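Report on the structure given below.
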Amino acid sequence: MMHIAADFILQGNRLYKLKASKTGFLLAHVGIYTIFFIVFSPLLLELTFVQGLVFSAINGGAHLIVDFFTSKFKKLYWQKNEAKYIAVISIDHVLHISILMGTYIYMYPQLLAG
């Protein structure tokens, strides 16, 4: 749920369209995403502030890398090849969710044990 809020709701159409071609907009998007995670990961994921900061920084960096590449492909296929466009969006989401889950499980396995 945090990913959906940070990646879609807070992004808006302008950032979504411009992050593929202008690095400043990509950095703004990732900054918003990362700050959202810094604020909400301690509250929603039962992390300390420092754990949330580390988790958010790692995932913010990973988000930047994923979006750098996938936004280029989204731009390439937008209104030209709907199937490929949807495939890129799907890959983007699977990567983001997998990275979020993987880092949480790897970094904080004790929180999953209860």
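Details
- Residue pairs whose Cβ atoms lie under 6 Å apart, sitting 6 or more positions apart in sequence or on different chains, and linking a residue in the stretch 1-26 that is without any contact (Cβ under 8 Å) to a residue 12 or more places away in the chain to a partner that is of a type outside the set (A, V, I, L, M), are Leu18/Phe25; Phe25/Lys19.
- Being without any contact (Cβ under 8 Å) to a residue 24 or more places away in the chain, surrounded by 13 or more Cβ atoms within 10 Å (Cβ to Cβ) and of a type in the set (D, E, K, R) is a property that Lys84 has.
- The stretch 105-114, residues that are assigned to a helix (DSSP H, G or I) and in contact (Cβ under 8 Å) with a residue 24 or more places away in the chain: Met107, Leu111
- The stretch 29-67 - residue that is of a type outside the set (A, V, I, L, M), more than 11 Å from the chain's Cα centre (by Cα) and not in a loop (DSSP other than H, G, I, E, B) and, of those, surrounded by the fewest Cβ atoms within 10 Å (Cβ to Cβ): Phe49
- The set of residues in the stretch 90-104 being over 16 Å from Ala6 (Cβ atoms) and touching a residue at least 12 places away in the same chain (Cβ under 8 Å) consists of Ile91 alone.
- Of the residues making up the stretch 1-28, those that are within 14 Å of the chain's Cα centre (by Cα) and among the basic types (Lys, Arg) number 1.
- Matching residues in the stretch 70-81 - criterion: being surrounded by 14 or more Cβ atoms within 10 Å (Cβ to Cβ), assigned to a helix (DSSP H, G or I) and among the hydrophobic types (A, V, I, L, M, F, W, C): Phe73
Each reported figure results from applying straightforward, stated rules to the coordinates on display, with no laboratory input. Given the structure is predicted, the values throughout are model-derived calculations rather than measurements. Note: ideal-geometry Cβ built from the backbone for every residue, glycine included; neighbour counts use all protein chains shown.
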